[in-house]
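Trainee: Sharing a structure with you now.
The values are calculated or read from the model by the stated rules, or taken from the named source; none is laboratory data. Computed from a predicted model, the values in this text were never measured in an experiment. Ideal geometry is used to build each Cβ from the backbone, glycine not excepted, and the neighbour counts take in all protein chains shown.
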């Protein structure tokens, strides 16, 4: 395939990339191309099927996919071009981009300007200091959310949520909706990390126990997760002897 020459290349078709594409067209760029490695547009919001988006911009409550659909429609109307299943694997010193696509093969995009809108990644297990080995059955909240909401896989049928950020709270409720049991949500701090409304709607409404000043100190299992040991912590976030409890 021959080189593609564009005014602006944008890497990533999530909320930031789509907005950048619209902004580039509105600023006068003629040829704007957004490259997305996934099979669909929308980024992280495609897996956020809960409502709560769009109140400021559209004056109504939308799910993540509904919200992104409206912005993607605006981008198409503005003349933004998109290529999905397209992984940018190298940027040359002159700014040109090497891209892989299953249908087009390997090709080069030569832009006058490039916008990086790749979003972010969740921290891996090592970075969040999960103790013990790493058997199958331990997921970050975002990975579990994608599996359930987009790919149709259940991470398991009995869950413990470590941390009380909003995605963890929302996934506790989502697991209940899919027929799983949630033993509890454990938060090492003396306060919740997520919004109060999510605690009420995702935990309280479904009777999911919420433990503040608790953490996981041991992971049990070799090939597959068999259980965890949780413990209460003091004001310095250190385990309090005699408070450990095994959760299967």
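Trainee: So which residues in region 161-173 are free of Cβ contacts under 8 Å to residues at least 40 places away in the same chain and in a helix (DSSP H, G or I), if there are any at all? Full working, then the answer.
Mentor: Taking region 161-173 first, the residues free of Cβ contacts under 8 Å to residues at least 40 places away in the same chain are 161, 163, 165-169, 171-173.
Within region 161-173, 166, 167, 168, 169, 171, 172, 173 qualify.
Trainee: In region 205-216, which residues are surrounded by 15 or more Cβ atoms within 10 Å (Cβ to Cβ) and touching a helix residue (DSSP H, G or I) at 6+ places or on another chain (Cβ under 8 Å)?
Mentor: 208, 210
Trainee: Please verify whether region 109-117 includes one or more residues that are out of contact with any strand residue (DSSP E or B) (no Cβ under 9 Å at 6 or more places or on another chain) and closer than 26 Å to residue 170 by Cα.
Mentor: Scanning region 109-117 turns up no residue that is out of contact with any strand residue (DSSP E or B) (no Cβ under 9 Å at 6 or more places or on another chain) and closer than 26 Å to residue 170 by Cα.
Trainee: If you go through region 70-80 one residue at a time, do you hit one that is touching a strand residue (DSSP E or B) at 6+ places or on another chain (Cβ under 7 Å) and closer than 25 Å to residue 122 by Cβ?
Mentor: no
Trainee: Could you check region 183-204 and list, in sequence order, the residues that are surrounded by fewer than 21 Cβ atoms within 10 Å (Cβ to Cβ), assigned to a helix (DSSP H, G or I) and touching a residue at least 12 places away in the same chain (Cβ under 8 Å)?
Mentor: If we filter region 183-204 for residues that are surrounded by fewer than 21 Cβ atoms within 10 Å (Cβ to Cβ), which is where we start, we get 183-184, 188-197, 199-201, 204.
Narrowing further to those that are assigned to a helix (DSSP H, G or I): 196-197, 199-201, 204.
Once the filter is applied, which keeps residues that are surrounded by fewer than 21 Cβ atoms within 10 Å (Cβ to Cβ), assigned to a helix (DSSP H, G or I) and touching a residue at least 12 places away in the same chain (Cβ under 8 Å), region 183-204 yields 199, 201.
Trainee: Scan region 82-91 residue by residue and report those that are free of Cβ contacts under 8 Å to residues at least 60 places away in the same chain and not in a loop (DSSP other than H, G, I, E, B). Can you show your working first?
Mentor: So the first thing to find is which residues in region 82-91 are free of Cβ contacts under 8 Å to residues at least 60 places away in the same chain, and the list is 83, 85-87, 89-91.
Selection gives 83, 87, 89, 90, 91.
Trainee: Would you tally the residues in region 84-106 being within 13 Å of residue 12 (Cβ to Cβ) and within 21 Å of the chain's Cα centre (by Cα)?
Mentor: Total meeting the criteria: 4.
Trainee: To continue, here is another question. In the set 23, 17, 52, which member is part of a helix (DSSP H, G or I), without any contact (Cβ under 8 Å) to a residue 12 or more places away in the chain and crowded, with 16+ Cβ neighbours inside 10 Å?
Mentor: Working: 17 fails: without any contact (Cβ under 8 Å) to a residue 12 or more places away in the chain; 52 fails: part of a helix (DSSP H, G or I).
Matching residue, one of 23, 17, 52: 23.
Trainee: If we scan region 61-78, do we find a residue that is in contact (Cβ under 8 Å) with a residue 40 or more places away in the chain and more than 24 Å from the chain's Cα centre (by Cα)?
Mentor: Of region 61-78, the ones in contact (Cβ under 8 Å) with a residue 40 or more places away in the chain are 68, 71-72, 74-75, 78.
Filter again for more than 24 Å from the chain's Cα centre (by Cα), leaving 78.
So far as region 61-78 goes, yes, one or more of its residues are in contact (Cβ under 8 Å) with a residue 40 or more places away in the chain and more than 24 Å from the chain's Cα centre (by Cα).
Trainee: Considering only residues that are touching a strand residue (DSSP E or B) at 6+ places or on another chain (Cβ under 9 Å), assigned to a loop (DSSP other than H, G, I, E, B) and within 30 Å of residue 109 (Cα to Cα), which ones fall in region 32-49?
Mentor: Within region 32-49, 36, 37, 41 meet the criteria.
Trainee: How about region 146-160: which of its residues are farther than 22 Å from residue 248 by Cα, free of Cβ contacts under 8 Å to residues at least 24 places away in the same chain and either surrounded by 14 or more Cβ atoms within 10 Å (Cβ to Cβ) or in contact with a strand residue (DSSP E or B) (Cβ under 7 Å, 6 or more places away or on another chain) (or both)?
Mentor: Within region 146-160, just 147 meets the criteria.
Trainee: Need the failing condition index for residue 171 against (1) at pLDDT 95 or above; (2) surrounded by fewer than 16 Cβ atoms within 10 Å (Cβ to Cβ), just the number.
Mentor: (2)
Trainee: Still on this model: Scan region 131-145 and give yes if some residue there is outside the structural domain of residue 16 (by TED's automatic domain parsing), part of a strand (DSSP E or B) and touching a residue at least 40 places away in the same chain (Cβ under 8 Å), otherwise no.
Mentor: Looking for residues that are outside the structural domain of residue 16 (by TED's automatic domain parsing), part of a strand (DSSP E or B) and touching a residue at least 40 places away in the same chain (Cβ under 8 Å), one finds at least one in region 131-145, hence yes.
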